[in-house]
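Trainee: Right, I'll just put the structure down here and ask away after.
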Amino acid sequence: MNQAELQALTNERIRDAEVLLGGGRWAFAYYVSGYAIECALKSCVLERMVLTGGVFKEKKFAEQCFTHDFAELIRLAGLTNELNNQFAASAGAAGTGAKGGAFVGNWGLVTQWKESARYESKTEKEARDLLTAITDESDGVLRWIQKYW
């Protein structure tokens, strides 16, 4: 799968989650929302590979990419410093009403998603909260990720 396909899949999974929420299918809406973030981060990993030739620097790099762990995908995409900078900006904006203030909380909610969620029951609130954390116009995790893909 290439970078453009992962980006398209990200957007499709967001739309899928919205439809599933509308149909009262909370558990799978939750799972698909998180899967969208996984696809988005893997697109960032491919961007890094293109820019740095990273796949040639470490023999097992491609093998490491077969993960569902968002923190590991951030590391593989070379976005750790950027994420820390976003956290700092979000913390500085929190309480002021400025854009970006809710990012830390949104990231925290998103990182609670696990691949095993597909086997779990979820409430409407859990599904809606995750999708909102992902898609929020000013503080959404997907908006931040899209700057790097």
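Just so you know, all these numbers are worked out from the coordinates, no wet-lab data involved. The structure presented is a predicted model; accordingly, all values stated were derived computationally and were not measured. Glycine also receives a Cβ, built like all others from the backbone with ideal geometry; neighbour counts cover every protein chain displayed.
Trainee: Given the DSSP H assignment, sum -39500 (n - 2.57) over each helix run of at least 4 residues in the chain and divide by its residue total; what's the result at 222 nm in deg cm²/dmol, nearest 500? Kindly include the intermediate steps, with their values, before the conclusion.
Mentor: Working: 8 runs with 98 residues, N = 149.
Taking each H run of at least 4 residues, the total per residue is -20500 deg cm²/dmol.
Trainee: How would you rank 23-32, 126-135, 113-122, highest first, on the average number of other Cβ atoms within 10 Å across their residues?
Mentor: 126-135, 23-32, 113-122
Trainee: May I pose another question? Lys/Arg Cβ at +1, Asp/Glu Cβ at -1, dipole of the range 3-146 taken about the Cα centre: which of 103, 144, 74 is farthest positive-ward?
Mentor: Ranked along the dipole, the leading option is 74.
Trainee: Evaluate E = 1/(1 + (r/R0)^6) for residue 123 and residue 87, where r is the Cβ-Cβ distance and R0 equals 30 Å; express this FRET efficiency to the nearest 0.05.
Mentor: It comes to 0.65.
Trainee: How big is the charge dipole of the chain about its Cα centre, in debye rounded to the nearest 20, if each Lys and Arg gets +1 on its Cβ and each Asp and Glu gets -1 on its Cβ?
Mentor: That gives a dipole near 200 debye.
Trainee: Sticking with this one: May I ask for the Rg/Rh ratio of the chain, computed from Cα atoms with Rh as the Kirkwood radius, given to two decimals? Could the numbers behind the result be given before it?
Mentor: On the way: Rg = 15.4 Å, Rh = 15.7 Å.
Result: Rg/Rh = 0.98.
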